Amino acid sequence: MTSKKLFTSASVLALTAAFAVGAANPALAEYPEKPIKLYVGFSAGGGTDTTARGFASYVHEVPEMGGMPMVVVNKPGGSGMQAAKIVKQSKADGYTLYIINSGTFASATLASKKPPVDPRTDFVSLGCMTQLVTSLTVHASSPHKDAASWVKAAKESGKTVRWSTSGATTMHALIGHLFLDATGVKNQKVPFKGGSKARGALVAQKVDAAFNGVHLVKGFENDIRPIGVPLAKRDPANKNVKTFGEVGMPGIDIGGPMCVWGPKGMPADAQTKVKAAIKGVAGKKGFKKFMKKSGLAAFHITDAGATANLNKLFDTFGPLVAKLMKK
């Protein structure tokens, strides 16, 4: 056999072997290669749902996501914990994610004797894109313009104030307890499955007040009015609403960053791309405009910042939840 024939035969064999190896080990597809599910633990219309839908509307525009769409799935119940449990039990491949504000994620975990999930051990933080701010809200027919006036009248009446909120153990509910306990107002909590339903109860005057997301007043200005927020500084998206501290009320400084979480074990490459997507969407003009119309301010918090904030919220809410659970 000539050297030319030997070379040709060897080349064919090498090429055949290469094809065989390629067939046995196909290239792994890059994330994402199919639509991503984003679970919301509350009903449609609330702050979590609004943020999720805004995020899902723009996430495909971020280069790292390759144009792949995101589907929002509402699974209300358990102050968001039913949806969290579904995500925890899902395959940790990056195609099933969870969105919730850190305040409620902490409070719901603390309030359960046997929590179905623990965000500190069962999830990985991927970053945040806005913040839910609680407000003390009254009906538009109320004469009170700030929290101090409302508290004074509530105490003088001697009556028990009935107040609605988005869940028994959400951040809004715990802030309501903190404020009312500190001011000595007799009260009864009326929880609902979601902020929009809690708002509806106040609009219909089935309750006397609400501790709910301040953004939920948008579109209902003729029906309800926010009269105070528990922040050190005014909410940038609702600058006309005074803080509790400004009017001499207990100075509470608690906000709830709205963050995306993935199940523990989520691949590093998927984490990197979702983190980039969160940062990218938070900076988009369209998303900022969408959130502003919804009464929320868009901004980015890193995964590390989200984790630090979550730990702080556990420390803040821990003693209060323990006290409530004894009752």
Any chance residue 172 is touching a Phe, Trp or Tyr at 6+ places or on another chain (Cβ under 7 Å), at pLDDT below 95 and under 26 Å from residue 108 (Cβ atoms): yes
Matching residues, the stretch 232-247, being modelled with pLDDT of 95 or more, among the aliphatic types (A, V, I, L, M) and either under 12 Å from residue 135 (Cβ atoms) or under 23 Å from the mean Cα position of the chain (by Cα) (or both): 241
Conditions: (1) assigned by TED's automatic domain parsing to the domain that holds residue 275; (2) modelled with pLDDT of 95 or more; (3) surrounded by fewer than 20 Cβ atoms within 10 Å (Cβ to Cβ). Residue 112 meets all but one. Number of the miss? (2)
In this structure, does residue 96 turn out to be outside the structural domain of residue 232 (by TED's automatic domain parsing) and at pLDDT 95 or above? yes
Given the options 232, 270, name the one that is over 19 Å from residue 179 (Cβ atoms) and of a type in the set (A, V, I, L, M). 270
In the set 263, 267, 250, which member is modelled with pLDDT of 95 or more, surrounded by 13 or more Cβ atoms within 10 Å (Cβ to Cβ) and either among the β-branched types (Val, Ile, Thr) or in contact with a helix residue (DSSP H, G or I) (Cβ under 9 Å, 6 or more places away or on another chain) (or both)? 263
Out of 242, 197, 193, 273, I need the residue that is surrounded by fewer than 24 Cβ atoms within 10 Å (Cβ to Cβ), in the same structural domain as residue 41 (by TED's automatic domain parsing) and in contact (Cβ under 8 Å) with a residue 40 or more places away in the chain. Which one? 273
Looking at the stretch 306-327, which of the residues that are out of contact with any Pro (no Cβ under 8 Å at 6 or more places or on another chain), modelled with pLDDT of 90 or more and small (Gly, Ala, Ser) is farthest from residue 279 (Cα to Cα)? 318
For the stretch 153-169, what are the residues that are surrounded by 21 or more Cβ atoms within 10 Å (Cβ to Cβ) and at pLDDT below 90? 166, 167, 169
Across the stretch 64-73, what is the number of residues that are touching a Ser or Thr at 6+ places or on another chain (Cβ under 9 Å) and surrounded by 19 or more Cβ atoms within 10 Å (Cβ to Cβ)? 1
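Take the residues of the stretch 200-221 that are among the hydrophobic types (A, V, I, L, M, F, W, C) and within 17 Å of the chain's Cα centre (by Cα): which is surrounded by the fewest Cβ atoms within 10 Å (Cβ to Cβ)? Step through it out loud before you land on a result.
Going through the stretch 200-221, the residues among the hydrophobic types (A, V, I, L, M, F, W, C) turn out to be 201-204, 207, 209-211, 214, 216-217, 220.
From what is left, the residues that are within 17 Å of the chain's Cα centre (by Cα) are 211, 214, 216.
Working: 211: 27, 214: 24, 216: 29.
This residue is 214.
The values are calculated or read from the model by the stated rules, or taken from the named source; none is laboratory data. What you are looking at is a predicted structure, and each value in this text was computed from that prediction instead of being measured. Positions of Cβ are generated from backbone atoms using ideal geometry, with glycine treated the same way; all protein chains shown enter the neighbour counts.
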